[in-house]
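Contents: one structure, followed by commentary.
The values are calculated or read from the model by the stated rules, or taken from the named source; none is laboratory data. All figures in this text were calculated on a predicted structure; none of them were measured in a lab. Note: ideal-geometry Cβ built from the backbone for every residue, glycine included; neighbour counts use all protein chains shown. To get the accessible areas, we keep the full protein, side chains included, count just its heavy atoms, and leave off ligands, DNA and RNA. Shrake-Rupley method; radii C 1.70, N 1.55, O 1.52, S 1.80 Å.
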Amino acid sequence: MPPTYALERLLNDGGSKLVAGVDEVGRGAWAGPVAVCAVVTDLSEPPAGLTDSKMLSPARRAAMVSEITAWAAGIGYGEASHEEIDTLGMTEALRRAARRALAGLPVRPDVVVLDGKHDYLGAPWPVRCEVKGDLSCVSVAAASVIAKVRRDTYMASLGFEEYGFAENAGYPSPVHQAALASLGPTEHHRLSWSYLDDLPRWRHLKRHRNPLAGEGQLGLFG
């Protein structure tokens, strides 16, 4: 079933006239930024086939970006760098990226719909968390596509063919893991991530921060 405007209309009926759908990408990657997109619509018919970005092929996602850009009432995009993630932790990095995305909208929304169950944005923004919102909510689905394509394009532009960034966008993959083991992390890697615990040659590069600042990540081998 494609996403609908049911949630946007419910929020409209409750007094929130302008709804921004927000989604993130890159939370679980080992390299590169975390990216957040915010989309507002006028409740017009969305592009045909719009759904969660993970349900679309790379070619269809890329083609849909221009369709979403022409259709949406407003799009904002923000990132938090791997340095911010290492220094501040993932929750604060997501918050900063989301605020940057919302600041990029042409108008301030009355409420923000976040995909998932965790409110990483917080005050002063009124937030509605929606599990699997990228599958059920039109504005969140649109945000998921823009965020995914823009971040994937950036990661591919970095080069580092040995690490497979053009294919894995900085997420763990066999190619990525093998390159890390033999070559070590690049300047784009998150050095507070626990994959370094599994790399004796490169373990000395790990950055340590307050464990309360963010969530831990899986190591290289599970």
Q: Tally the residues that are within 16 Å of T91 (Cα to Cα) and charged (D, E, K, R), restricting the search to the range 14-54.
A: 3
Q.
Within the range 122-147, take every residue that is touching a Pro at 6+ places or on another chain (Cβ under 7 Å) and open to solvent by 40 Å² or more (accessible area, probe 1.4 Å) and give me the one that is farthest from L10 (Cα to Cα).
A. L135
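Rundown of residues vs (1) modelled with pLDDT under 95; (2) under 30 Å from A101 (Cα atoms); (3) under 19 Å from the mean Cα position of the chain (by Cα), yes/no style:
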| position | (1), (2), (3) |
| --- | --- |
| S157 | no, yes, yes |
| H176 | no, yes, no |
| L180 | no, no, no |
| G184 | no, no, no |
| L196 | yes, no, no |
**Q.** Selected residue (only one of A62, A70, A98 is within 21 Å of K17 (Cβ to Cβ) and either open to solvent by 30 Å² or more (accessible area, probe 1.4 Å) or of a type in the set (G, A, S) (or both))
**A.** A98
Q: Kindly provide the set of residues from the range 179-207 that are out of contact with any Phe, Trp or Tyr (no Cβ under 9 Å at 6 or more places or on another chain), aliphatic (A, V, I, L, M) and either open to solvent by 20 Å² or more (accessible area, probe 1.4 Å) or closer than 22 Å to L88 by Cα (or both), ordered by number.
A: L191, L205
**Q.** Conditions (1) under 24 Å from R100 (Cα atoms); (2) modelled with pLDDT of 95 or more; (3) open to solvent by 40 Å² or more (accessible area, probe 1.4 Å); (4) in a loop (DSSP other than H, G, I, E, B): number failed by G170
**A.** (3)
